[in-house]
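To keep things clear, I will list the structure first and then write my remarks on it.
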Amino acid sequence: NTRRGQRSRSFLLLAIIGIGAALIGFAKTFFLPLFSGTFSAPPLIYLHAAFLFGWVFFFAAQSVWVHRKNIRLHRRMGWLGAGLAAGVVLSTLGVGQLASARTAATGDIDLASREFLVIMMEMCGFAAIMTCAFLLRRKPDWHKRLMLLALIASLGPAWFRFRHYFPPIENPIFVYSLLLADSLIVVAALADFLRERRVHPAYLLVGTGMVCVHLIEVLAFDSSGFGAVAHALARQFV
């Protein structure tokens, strides 16, 4: 019971960190302009924000239910999480198309296509993790860790916007979108090791896979192979 309580507290703590990252990350580019009346964007942007923040707060609420041992409510809310996750994927792809079209309109079609490929990779990863979490919902040890990894995967854009709070640095994508964003995977794995004296396979397999994908995005972004795939994809979707 003590270990179970420690696990639920650690997931709740990571959920709170996720909320903080989302709110702080998007404060300068979304919340402050929105509240001051200076933010203007297509309706899809507002819909995307609703799904994304709804998903983050949903994860936190689910962590609270587990912490309070209200497992019945936690299970009943599962379908809402599935709907929010689907909304995150679809709205992110839509926003990605808008952003890529805006970049392409400046004449930089190559950059637009590469950025859209990154968004596609991120959403495919997020969708795959959420699908596995849903299918393994009868295996709590896997389900909760996969859900946590899905949360971490969804926070990449928020962490990247932390660059607005600090002086310009070299390679901000590597620092914010990889080192900072994926640090939560290390924290979760370390918490596992301290409790169980081992790291759960979900972190070893899926967490490591997430880091590898992010490394590919950062290190291969300017390569000709990445560009070829990006251009082929852009012709289909952008």
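The values are calculated or read from the model by the stated rules, or taken from the named source; none is laboratory data. Keep in mind that this is a model prediction, so the values were computed, not measured. Ideal geometry is used to build each Cβ from the backbone, glycine not excepted, and the neighbour counts take in all protein chains shown. All accessible areas refer to the heavy atoms of the entire protein, side chains included, with ligands and DNA or RNA removed. Shrake-Rupley method; radii C 1.70, N 1.55, O 1.52, S 1.80 Å.
In segment 174-202, the residue that is surrounded by the most Cβ atoms within 10 Å (Cβ to Cβ) out of those that are of a type in the set (Asp, Glu) and more than 25 Å from VAL118 (Cα to Cα) is ASP192. Given the condition of a type in the set (S, T, N, Q) and open to solvent by less than 30 Å² (accessible area, probe 1.4 Å), answer yes or no: does some residue in segment 54-65 qualify? Looking for residues that are of a type in the set (S, T, N, Q) and open to solvent by less than 30 Å² (accessible area, probe 1.4 Å), one finds at least one in segment 54-65, hence yes.
Every listed requirement among (1) under 28 Å from VAL199 (Cβ atoms); (2) open to solvent by 50 Å² or more (accessible area, probe 1.4 Å) is met by GLY78 save one, (2).
For segment 19-53, a tally of residues being open to solvent by 40 Å² or more (accessible area, probe 1.4 Å) and assigned to a loop (DSSP other than H, G, I, E, B) returns 5.
Here is a yes/no grid of residues against (1) surrounded by fewer than 21 Cβ atoms within 10 Å (Cβ to Cβ); (2) within 14 Å of the chain's Cα centre (by Cα):
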position	(1), (2)
ARG68	yes, no
LEU73	yes, no
GLY96	no, no
THR106	yes, no
LEU117	no, no
ALA127	yes, yes
LEU135	yes, no
PRO172	yes, no
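The set of residues from segment 158-170 being in contact with a helix residue (DSSP H, G or I) (Cβ under 7 Å, 6 or more places away or on another chain), open to solvent by 10 Å² or more (accessible area, probe 1.4 Å) and either assigned to a helix (DSSP H, G or I) or in contact (Cβ under 8 Å) with a residue 40 or more places away in the chain (or both) comprises TRP159, PHE160, ARG161, PHE162, ARG163, HIS164. Residue selection: TRP65 satisfies the criterion of being within 29 Å of PRO140 (Cα to Cα), among the aromatic types (Phe, Trp, Tyr) and modelled with pLDDT under 90. Hey, could you check segment 197-211 for residues that are more than 14 Å from ALA181 (Cβ to Cβ) and part of a helix (DSSP H, G or I) and say which is farthest from the chain's Cα centre (by Cα)? The qualifying residue farthest from the chain's Cα centre (by Cα) is PRO201.
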